[in-house]
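> Let me begin by handing over the structure; questions about it come next.
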Amino acid sequence: MNDIFHIAQIIKEAYKTIESKNKRIFTFTLFPIMFAFFTVLFMKIKITKDYVGIILSSLSIFAGFFFTLIVYVTDKAANKKREFNIKIDKQEEEKEALATYLEFCEKLIIQISYSIVFCIIIVFSVLTTQYDFCVLDNYDLIVIQNTVSEWITICCNIISIALIYHFVVYLLLIVSNMYALFLNEVKQ
């Protein structure tokens, strides 16, 4: 263990786990931004104080769940590796199955770690939607300042909603991978 934060590495490796570059760009970047623009500018939905509590509670539940899930997946992978090392007769087919399983677990751990980091980023992003950007008291600047403040608030809402959508899609990816992991376990 070391005292260096691995946040950039987690984010970089998380994007690598999505092998299709088109899917990575469209599903996890462009579509969330387009969805957020549509939601904020056309549907006039914004993150209010009522939603902040719901969003923060949901994210804290997911973050706690993800910490538990990392421990579970890591433990399952370590047990599989131990079981394999105990066997004296190491067949080539079993080696390939173990390598595939461990690679899958590593990918899942990266994705879960990314989701935890992303929860923290969303928390800060959502909190910025509640900040009042009006600070000047000069009457001549109030109109300009209110317009700028409104646009900053709109941008904060667009960014927050895009991040939330990205998180939801990534959560579905993790659920899909967990489904594959558990189904594989049941079939063996």
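> In the stretch 25-35, what residues are under 16 Å from the mean Cα position of the chain (by Cα) and surrounded by 15 or more Cβ atoms within 10 Å (Cβ to Cβ)?
First pass over the stretch 25-35, keeping only residues under 16 Å from the mean Cα position of the chain (by Cα): 25-33.
Within the stretch 25-35, 27, 28, 31, 32, 33 qualify.
Here is a yes/no grid of residues against (1) closer than 30 Å to residue 131 by Cβ; (2) without any contact (Cβ under 8 Å) to a residue 24 or more places away in the chain:
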site	(1), (2)
32	yes, no
35	yes, no
48	yes, yes
54	yes, yes
63	yes, no
71	no, yes
78	no, yes
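> Take the stretch 36-55 and flag every residue that is open to solvent by 50 Å² or more (accessible area, probe 1.4 Å), assigned to a helix (DSSP H, G or I) and not aromatic (Phe, Trp, Tyr).
Passing the criteria: 41, 49, 50, 54.
The values are calculated or read from the model by the stated rules, or taken from the named source; none is laboratory data. Treat the numbers as computed from the prediction; the structure is a model and nothing was measured. Ideal geometry is used to build each Cβ from the backbone, glycine not excepted, and the neighbour counts take in all protein chains shown. Note: areas computed on protein heavy atoms with side chains; ligands, DNA, RNA excluded. Shrake-Rupley method; radii C 1.70, N 1.55, O 1.52, S 1.80 Å.
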